[in-house]
Protein chains: 2
Amino acid sequence: MRKSELSSYLSFAKKLINVSEKIVKQNTPSKIKVNFKIDRSPVTKIDMQVEKSLRKLISQKYPEHGIFGEEYQNKNLQSEFIWVIDPIDGTKNFINGNGNYGTLLALCHQGVPIIGIINCPQLKKRWIGIKNHGAFCNNQKLKKVSSNQSLKELFFSTSGMTAYQDSSKNRKYRSLAKKTQYITFGGDCVQYGLLAEKRIPFVVESFLKPFDYLPLVNIIEETGGIITDWHGKSLNFNSNGDVVASISAKAHKQFLKL
Amino acid sequence: MRKSELSSYLSFAKKLINVSEKIVKQNTPSKIKVNFKIDRSPVTKIDMQVEKSLRKLISQKYPEHGIFGEEYQNKNLQSEFIWVIDPIDGTKNFINGNGNYGTLLALCHQGVPIIGIINCPQLKKRWIGIKNHGAFCNNQKLKKVSSNQSLKELFFSTSGMTAYQDSSKNRKYRSLAKKTQYITFGGDCVQYGLLAEKRIPFVVESFLKPFDYLPLVNIIEETGGIITDWHGKSLNFNSNGDVVASISAKAHKQFLKL
């Protein structure tokens, strides 16, 4: 892809994220009714409103592009380009007010993410990753570095989705908890931005959807991190939703073997 | 206690919190070495520095008062007045940068909290409760209201300290998870401020220390909430560290019976 073409997609992606931020800031979730989806996860009117607005803008500008979003039906998934939208990642934190939520956006070319954005209005953080062109936090370029830590030297972060459940996934989390220093909980999309900044060394999640993980790929890889499924495979639209991200190849390998 | 006496303690408490905020803001934990305490919990130089500074100011102003803090030895615990300090509650979040940490301060009179403060510099939130005189968030008085929700109508928040561990406490968390809508994780002290604002309806924790829970009491009670141990008893210096806070007396009772 020519650099000028990538640039125009990037400007458009930034425009979309600015629109999402405006909608989120105009609404206080404390006064918004919370509904529940079939999987019992909460959703607000703001989630719907953000996604609807972004879909409309994409369809106007690039009518042939595909759209893969959380709240509405997917569109043109056979297209060369697919926009991936999670209007509010961390809806539970959005509702409770602790600030750890954000809008996620990716552009995929032939199934591979080439632009990824995590935008967190309350924390005032915007992380952007561009395939082969680096990653940025609030417009400042992030260094591309990795560590050589082993699991026992680091802590890990997770949203804790399966904690206190009889989930078979928990075997892996329990093993990891025993082999690491400690756990921090509840960061949702914020975790990956902090991993790109080397504040968090390791993140593990399960039951994610493509709109939860595809926007993270460029941000993490362009800062020297690794993000794969629990078998070490690259993430794509057909991944099973188990995700591990790390700043250390060594720790990453140790996790895969747990 | 005369109102003027209470007022002067309150002004002094605010002064202490301002000092703590200044120290926290001057330091970026991303560059600070993290050490581990005997219980494997992390601690930074900033934790130590905040507590040291507040202790010095208290000892100068009220040399006869007691001090109960996280990082240094307790002092004059037979005194009528005891200051309770948690220099950084949520140290793990402080280190990883997600914003959910704060400085906690209480003044106890004959063992009962009469002033409590939760101060969260990164979230720009300061909650203050004064026994029989209301509670405030960023100087705005919070309404004293409660709900009549039952457990099945609400979600709960916890720091997740025992998740993925074989802790006997987990029986209670698992029962609660089954009876409520969903769990949010990782709020630490922020959870209780959001409970006072009615953004979070229910918080459950275990293994807390007096400096973790005594500063919360006035903030929660003065906004119509309930905070007790897991047997429904009022919190004091000798409580066992299992804490439950709620905006609903009904849900609170249901929890005690789980």
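The values are calculated or read from the model by the stated rules, or taken from the named source; none is laboratory data. Computed from a predicted model, the values in this text were never measured in an experiment. Cβ atoms come from the backbone with ideal geometry, glycine included; neighbour counts cover every protein chain shown.
Overview of values
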| item | result |
| --- | --- |
| Any hit, the range A:97-119, residues being in contact with a Pro (Cβ under 9 Å, 6 or more places away or on another chain), touching a residue at least 60 places away in the same chain (Cβ under 8 Å) and not assigned by TED's automatic domain parsing to the domain that holds A:N27 | no |
| Residue within the range A:180-196 that is over 12 Å from the mean Cα position of the chain (by Cα) and away from chain B (no Cβ under 13 Å) present | no |
| Complete set of residues in the range A:150-164 that are farther than 20 Å from A:G224 by Cβ and either surrounded by 14 or more Cβ atoms within 10 Å (Cβ to Cβ) or hydroxyl-bearing (S, T, Y) (or both) | A:T158, A:S159, A:G160, A:M161, A:T162, A:A163, A:Y164 |
| Candidates B:S234, B:S206, filtered to the one that is polar (S, T, N, Q), more than 13 Å from the chain's Cα centre (by Cα) and more than 8 Å from chain A (Cβ to nearest Cβ) | B:S234 |
| Residue check for B:I82: more than 14 Å from chain A (Cβ to nearest Cβ) and either in a strand (DSSP E or B) or surrounded by 19 or more Cβ atoms within 10 Å (Cβ to Cβ) (or both) | yes |
| Extreme residue, nearest to B:K198 (Cα to Cα), among residues of the range B:140-161 that are polar (S, T, N, Q) and within 9 Å of chain A (Cβ to nearest Cβ) | B:S157 |
| For B:S246: the one exception among (1) over 16 Å from the mean Cα position of the chain (by Cα); (2) within 22 Å of B:I115 (Cα to Cα); (3) buried (at least 24 other Cβ atoms within 10 Å of the Cβ) | (1) |
| Residues of the range B:32-68 satisfying the condition of being at pLDDT 95 or above, touching a strand residue (DSSP E or B) at 6+ places or on another chain (Cβ under 6 Å) and either of a type in the set (G, A, S) or part of a helix (DSSP H, G or I) (or both) | B:V50, B:E51, B:L54, B:R55, B:I58, B:G66 |
| Qualifying position, being closer than 24 Å to A:F202 by Cα and within 14 Å of chain B (Cβ to nearest Cβ), among A:T103, A:T91 | A:T91 |
| The lone exception for A:N93 - which of (1) outside any loop (DSSP other than H, G, I, E, B); (2) surrounded by fewer than 24 Cβ atoms within 10 Å (Cβ to Cβ); (3) modelled with pLDDT under 95 it fails | (2) |
| Wholly within the range A:160-229, helices (runs of 4 or more DSSP H) carrying at least 3 residues that are among the aliphatic types (A, V, I, L, M) and either under 25 Å from A:I114 (Cβ atoms) or assigned by TED's automatic domain parsing to the domain that holds A:E70 (or both) | A:190-196, A:217-221 |
| Filter result for B:K169 (modelled with pLDDT of 95 or more and either surrounded by fewer than 24 Cβ atoms within 10 Å (Cβ to Cβ) or more than 11 Å from chain A (Cβ to nearest Cβ) (or both)) | no |
| Lone unmet requirement of (1) buried (at least 19 other Cβ atoms within 10 Å of the Cβ); (2) in contact with a Lys or Arg (Cβ under 8 Å, 6 or more places away or on another chain); (3) among the hydroxyl-bearing types (S, T, Y) for A:S147 | (1) |
| Pairs, first assigned by TED's automatic domain parsing to the domain that holds A:K92 and surrounded by 16 or more Cβ atoms within 10 Å (Cβ to Cβ) in the range A:1-29, second aromatic (F, W, Y) and assigned to a helix (DSSP H, G or I), C-beta under 6 Å, six or more apart | A:P29/A:F94 |
| Selection from the range A:96-141 of residues that are of a type in the set (V, I, T) and buried (at least 24 other Cβ atoms within 10 Å of the Cβ) | A:T103, A:I115, A:I117, A:I118, A:I128 |
